[in-house]
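Visitor: Pasting in a structure now, in structure tokens, and then I'll have a few things to ask.
Every number here is computed from the coordinates shown, using simple stated rules; none is lab data. These figures come from a predicted structure and were not determined experimentally. All Cβ positions, glycine included, derive from the backbone under ideal geometry; neighbour counts span all protein chains shown.
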Amino acid sequence: MTAPVYFHDDFTGLEVGKPFTFTGSEAHHACVMRVAPGEEIHLVDGHGLRVISEVISAADKSVTVRPREIKNETSIRPVTTLVQALAKGGRDEQAVEMATEVGIDKVIAWQSQRTIVKWEGKKQGKNLEKWSNLLKAATKQSRRSRIPTVDYAESTKSLLNKLTDAKLLVLHESGEHTLEQIPTEWFDTTEIALIVGPEGGITEAELAAFTAQGAQIVRIGNTVMRSSTAGTVALALVNYLSGRYNQN
């Protein structure tokens, strides 16, 4: 079993072999999980720092560990971005949660033309915070040291402005080719964005706008997937085809 992960943001005085104490909600969680002296746990800051540690003591919402190794984990290349159209019934939240577990680096909530759910006014800030908390929990569950970033695009034009440096893969049933039929060299790049539409689909105008920015329109096999599953399946394929799975 892999060691559990706990978040911490202040590592002042951290040294290998020197006892280090952390408190707060994460320490409380560790105590609830009954971590015991001698067990291994990992402290992470959400930005790539991982402290592999041995528990010395855990009680009263305070945990003291002895750091064995301090690692600054570099980002895997290419960077992957999931553009997830807002969807009803929590399907969009399910999508970004699963994508985090599979290794997504960035998430953009997209207000597409056929999106029924609206993030307007105060809802935008509240929902971005909700998604951020969701991704943090999924990061912890999957033992990652980096929390994916979260952004919002209120229109397709706004979205394309955020993706000028990325290669685009639009997941759509009209694609002539499947994702795995794309030449391997196409994946040798710095950033790949996976674009998933709402349950009502991506409009012809949106497809034209994506194509004008060089997007590849692709299918995933011969079935039509829900908005909640398409992005994660595509990400797993991109991880394999780009060699991300072979990077530490």
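Visitor: Would you please give the residues with an amide H less than 5 Å from that of residue 146, counting only those at least 5 places away or on a separate chain, with H modeled from the backbone geometry?
Guide: For residue 146, the qualifying residues are 48.
Visitor: Taking the range 5-72 as the region of interest, what is the percent of Cα-Cα pairs per 10 angstrom bin, listed from the shortest bin to the one with the maximum distance?
Guide: P(r) over the range 5-72, rounded to whole percents: 24, 62, 15.
Visitor: Can you find, among 121, 202, 168, the residue sitting farthest towards the positive end of the charge dipole of the chain, where Lys and Arg contribute +1 and Asp and Glu -1 at Cβ?
Guide: My answer, from the dipole projection, is 121.
Visitor: Going through the cross-link list 88/118; 88/126; 18/71; 136/157; 88/123, which pairs have a Cα-Cα distance over 18 Å in this structure?
Guide: Details: 88/118 10 Å; 88/126 16 Å; 18/71 16 Å; 136/157 28 Å; 88/123 15 Å.
With Cα atoms farther than 18 Å apart: 136/157.
Visitor: Something else now. Quickly work out the residue 224-to-residue 184 label distance, labels modelled 7 Å from Cα along the C-beta direction, and quote it in nm with one decimal.
Guide: The answer from the label model is 3.4 nm.
Visitor: Using the C-alpha atoms of the range 1-125, what convex hull volume per residue, in cubic angstrom, is computed? Write down the numbers at each step before the final one.
Guide: On the way: hull volume 19.3 nm³, N = 125.
Taking only Cα atoms, the range 1-125 has a hull volume of 155 Å³ per residue.
Visitor: For semi-axes √(5λ) of the Cα gyration tensor in Å, the listed values are [x] 38, 20, 14; [y] 31, 19, 16; [z] 27, 21, 19; which was obtained by calculation from the structure presented?
Guide: So the calculated entry is the one marked [x].
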